[in-house]
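For reference, the structure is listed below as structure tokens.
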Amino acid sequence: MTVALLFILLDAVGTFVFGLSGAMVAMRRRFDIFGILVLAVATGVAGGMVRDLLLGSTPPDALRTVWPLAIASLAGLCVFFFKPLIERLNRPVMLLDAIGLGIFAVAGCRKALLYGLDAPGAVLLGVISAVGGGVLRDIMATEVPRVLHEDIYALAALAGAAAYAGCLWFGVQDSIAAVGAVILAVGLRLASVRFGWHLPHPPK
């Protein structure tokens with residue numbers, strides 16, 4: 001599998017799982033099918049659109065072809081018709097969100113590097129790509145964005161993007177660096193929830 005094909009697949013998977021997470025939140029808020037699709041699409045494509053706009057890649061990929069919108073819409077329909085199956089997962093929104101977070105952090109960092117950004121800027125853009133969809137989802141669902149109160153969230157995206165950029169700097173093969181960095185980000189996010197890891201809070 002070529003590196004380009006790998007990242008096309010990662011983008012598709014990331015869009016789909018973020019779409020699923022957005023649709024699950026919409027279902028819990030008792031949105032109708034139109035609202036479910038809107039939240040699924042917004043969650044699935046928002047991070048990538050922000051990334052592309054900041055890079056000057058216009059129009060964004062989500063508007064150049066039908067596939068990102070179609071994949072996110074399919075995720076919304078899957079939740080609408082098969083919600084009981086998805087809910088068999090343990091904490092499905094958190095799990096899906098973690099997968100999308102890791103994928104988009106690495107994909108966003110890679111695209112920024114391809115556009116000529118230095119590693120620090122590329123890592124930052126990877127984090128923005130990763131958290132953008134979730135922030136918009138939570139705002140549209142009138143919830144406090146997870147990035148503001150779940151400590152190991154943006155930090156997990158930062159770790160994944162930084163690991164990817166660092167591996168490339170050390171000469172690691174692109175595809176191996178990408179897969180490893182995604183696993184690191186997803187694993188860190190899931191472990192933080194499982195073991196209750198958090199950053200220091202101000203004293204009461």
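Kindly identify the chain as rounded, prolate or oblate by the Cα gyration tensor criterion: order the square roots of the eigenvalues as a ≥ b ≥ c, call it rounded if a/c is under 1.5, otherwise compare a/b with b/c, prolate if a/b is larger, else oblate. Oblate shape, in that a/c is at least 1.5 and b/c is the bigger or equal ratio. Note on region 1-45: Cα-Cα pairs beyond 16 Å make up 41% of the total pair count. Here's the picture: charge each Lys and Arg Cβ at +1 and each Asp and Glu Cβ at -1 in region 98-158, and of VAL144, GLY133, TYR115 the one pushed furthest to the positive end of that dipole is TYR115. Rounded to the nearest 20, the size of the Cβ-charge dipole of region 56-204 about its Cα centre is 240 debye, with Lys and Arg at +1 and Asp and Glu at -1. In this simple spin-label model, placing a label point 7 Å from the Cα along the Cα-to-Cβ direction at both LEU148 and ARG29 gives a separation of 1.4 nm. Using the Cβ of PHE80 as centre and a radius below 15 Å, the other residues enclosed give a net charge of +2, where K and R count +1 and D and E count -1.
Peptide packing: for 97-106, 183-192, the average count of neighbouring Cβ atoms within 10 Å per residue gives the ranking 97-106, 183-192, highest mean first.
Taking the accessible area of the chain, probe 1.4 Å, and keeping the other protein chains in place, the carbon and sulfur fraction comes to 71%. Taking 0.36 nm per residue of sequence separation and removing the Cα-Cα distance, the ALA12/LYS83 pair yields an extension gain of 23.5 nm.
The values are calculated or read from the model by the stated rules, or taken from the named source; none is laboratory data. These numbers were taken from a predicted model, which means no experiment stands behind them. When we count neighbours, we look across all protein chains shown, and the Cβ atoms used for this are built from the backbone with ideal geometry, even at glycine. For accessibility, only protein heavy atoms count, side chains too; no ligands or nucleic acids. Shrake-Rupley method; radii C 1.70, N 1.55, O 1.52, S 1.80 Å.
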